[in-house]
Amino acid sequence: MALLGLAVVCVLSAAGCRQDMQDQPKFIPLRSNDFYADHRSARDPLPGTVPWTKTPLNEDVYFFSGKRGNAFGNDLPANIKFDRALLARGQDRYNIYCTPCHSVVGDGNGMIVQRGYRRPPSLHDPRLRNAPLGYFFDVMSNGLGAMPDYASQIKPEDRWAITAYIRALQLSQNARESDMAAQDKATPGPSDIRMPDTSATPQKPGAPATMPQGGKQ
Amino acid sequence: MSQTFHRSANTLARASILGMVLLLSAVGSALFKLQRSPYVTGQHIAPDQPVPFSHQHHVAGLGLDCRYCHTSVEQSSFAGIPPTKTCMNCHAQIWTNAALLEPVRNSFRTGESLQWTRVHDLPDFVYFNHSIHLNKGVGCESCHGRVDEMPLMYLENTLQMEWCLSCHREPEKFLRPRKEVFSMTYQQPSPEHAVEVGGTKYFSQEKLGAALKDMYHLRTMRDITSCSTCHR
């Protein structure tokens with residue numbers, strides 16, 4: 001009987017003693033800790049910290065702001081390659097982060113809008129169809145009016161991918177027959193989405209006159 | 001000399017040997033059961049949260065993608081819990097007067113973190129990584145269950161080692177195409193229901209699993225069940 005008792009005590013105490021390795025005194029993401037006043041393990045960088053990124057912040061202003069000087073650019077930054085993969089990525093990200101309000105087709109009638117959020121303008125509004133690419137990047141990065149910013153949820157690369165996808169979406173919703181490739185005309189179906197060749201026509205300084213009031217020119 | 005023990009003691013002795021065996025195995029199996037019971041694992045019990053956040057409402061009701069809130073799940077080891085700002089993206093305008101959401105608004109005003117109670121918590125001596133599971137075709141649902149049907153978050157699986165191993169021994173039974181990883185309603189292929197990957201239609205999980213295992217370059221069972229995969 002004593003043996004049994006001992007065995008039971010051993011087993012139970014073994015079961016009870018496991019906490020040391022279970023809860024090690026180390027930082028893991030999001031774990032609270034009592035050392036800092038705000039109880040966060042995840043620390044903000046110290047003021048004045050220079051970020052180390054693949055594209056140094058100060059060398060590629062356009063990549064991080066969508067602006068050259070004070071004007072929005074209408075092209076993709078040099079380090080973003082325009083191809084099918086970029087559009088696919090953009091579509092993917094757009095569907096995650098933008099459809100709740102702007103809807104899959106971009107008409108601004110997403111689920112959250114149906115539940116009472118302010119209705120955004122349609123992305124096919126002529127004003128937005130003429131807006132330069134950098135403008136969309138800026139709206140995502142800084143927000144605009146009732147539109148929240150997505151800087152912390154979406155990386156800059158992905159914001160550019162979404163920008164490219166929005167332009168493709170705009171073109172697709174306003175396609176004319178003459179835009180279709182010959183073989184697509186023969187067998188109607190989804191045609192390849194082509195981007196206007198922006199590199200050939202240098203953007204005039206300053207964004208088009210139709211810029212919304214939110215845009216800083 | 002008179003006998004110390006009565007004759008019946010023989011039977012008693014035999015019975016007590018048997019009794020001991022029975023008792024030990026009863027205690028053993030009780031511990032075995034206890035170790036896997038919700039009392040120890042917390043399975044199917046929703047802990048109190050500062051805000052009664054409903055995945056059912058936000059995922060099934062509003063159609064939000066997991067990544068809208070759990071932004072880092074694809075590229076890093078941890079999925080992450082959204083910061084207050086993410087809630088305020090919508091709740092700056094929706095349910096602005098609800099008392100339920102006061103802790104969220106308070107957190108936004110003061111900059112103090114919302115303190116969610118962890119539901120899934122592996123011991124610190126276990127290494128786990130979300131991104132590899134997603135990239136190799138394991139869906140959230142395979143581990144977290146039907147999150148879109150949970151008014152409050154709870155543990156669907158025990159998260160014990162035997163559970164991890166039950167999949168690492170035969171992952172092909174659970175794999176799905178990468179594009180379905182975030183889906184809560186994905187159904188494994190069956191003779192009536194085909195799943196298409198790369199232009200080929202599959203009608204059984206056996207075939208699909210084998211193909212995906214190849215396509216996603218899964219390592220061998222030996223590799224992913226070795227102790228140092230999870231204890232490093």
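General observations
- Area hidden from solvent between A and B (accessible, protein heavy atoms only, 1.4 Å, total, Å²): 2800 Å²
- Spin-label zone in the stretch A:118-133 - amide nitrogen under 18 Å from a point set 7 Å from the Cα of B:GLN93 along the C-beta vector: A:118-125, A:128
- Springs join every pair of Cα atoms under 10 Å in this Gaussian network model of chain B, and among B:ASP65, B:ASP48, B:ASP124 the largest mean-square fluctuation is at B:ASP124.
- Environment charge of A:PRO29, counting only residues whose C-beta is closer than 14 Å and scoring Lys/Arg +1, Asp/Glu -1: +3
- Inter-label distance, B:GLU192 to B:HIS57: 3.5 nm, where each label sits 7 Å from its Cα along the C-beta direction.
- Taking a ≥ b ≥ c as the square roots of the eigenvalues of the alpha-carbon gyration tensor, the stretch B:35-180 is classed prolate because a/c is 1.5 or more and a/b outweighs b/c.
- Neighbour net charge for B:THR41 - beta-carbon separation under 12 angstrom, K R +1, D E -1: -1
- Label-to-label distance, nm, for residues given as B:LEU100 and A:ILE28 (7 Å Cα→Cβ offset): 3.0 nm
- A:ARG129-B:LYS213 FRET efficiency (beta carbon distance; Förster radius 35 Å; 0.05 resolution): 0.15
- Think of a 1.4 Å ball rolled over the protein heavy atoms: chain B then has 62 Å² of accessible area per residue.
- Label-point gap, in nm, between A:ASN70 and A:ALA175 - each point 7 angstrom along Cα→Cβ: 4.0 nm
- Note on chain B: GNM, Cα springs under 10 Å; of B:GLY145, B:GLY199, B:GLY61, the largest mean-square fluctuation is that of B:GLY199.
- Computed over chain B, relative contact order equals 21 percent, with contacts defined as Cα pairs under 8 Å that lie 6+ residues apart.
- Accessible area of the stretch B:122-230 belonging to carbon and sulfur atoms, whole % at 1.4 Å probe: 56 percent
- Residues of the stretch B:70-96 whose accessible area, computed with a 1.4 Å probe over protein heavy atoms, drops by at least 20 Å² once all protein chains are present relative to their chain alone are B:THR71, B:GLU74, B:GLN75, B:PHE78, B:ILE81, B:LYS85, B:ASN89, B:CYS90, B:GLN93, B:ILE94.
- The HN-Hα couplings worked out from phi for the stretch A:131-146 by the Karplus form 6.51 cos²θ - 1.76 cosθ + 1.60 (θ = phi - 60°) are 6, x, 4, x, 5, 5, 4, 5, 4, 5, 7, 10, x, 6, x, 7 Hz, whole numbers, x standing for Gly and Pro.
- Nearest-ten-degree value, helix B:205-215 long axis tilted from longest Cα axis of chain B: 60 degrees
- In the stretch B:122-230, Cα pairs under 8 Å separated by at least six residues give a relative contact order of 30 percent.
- C-alpha center-to-center spacing [the stretch B:169-189, the stretch B:40-57] in angstrom: 25 Å
- Label-zone membership for the stretch B:95-128, site A:MET21, 7 angstrom Cα→C-beta point, backbone N under 11 Å: B:124-126
- Rg over Rh for the stretch A:76-174 works out to 0.94, using Cα positions for both radii and the Kirkwood form for Rh.
- DSSP-loop GluC sites (Glu not before Pro) across the stretch B:116-219, with at most 15 other Cβ within 10 angstrom: B:GLU192
- Close amide H contacts of A:PHE72 (hydrogens built in the peptide plane, cut-off under 5 Å, sequence separation of 5 or more or a different chain): A:ALA207.
- Counts of other chain beta carbons within 10 angstrom of each beta carbon in peptide A:22-32 average 4.
The values are calculated or read from the model by the stated rules, or taken from the named source; none is laboratory data. Predicted model, so just to flag it, every value in this text is computed and none were measured. As a convention, Cβ positions derive from the backbone with ideal geometry for all residues, glycine included, and neighbour counts pool all protein chains shown. These accessible areas exclude ligands, DNA and RNA; they are computed on the full protein's heavy atoms, side chains included. Shrake-Rupley method; radii C 1.70, N 1.55, O 1.52, S 1.80 Å.
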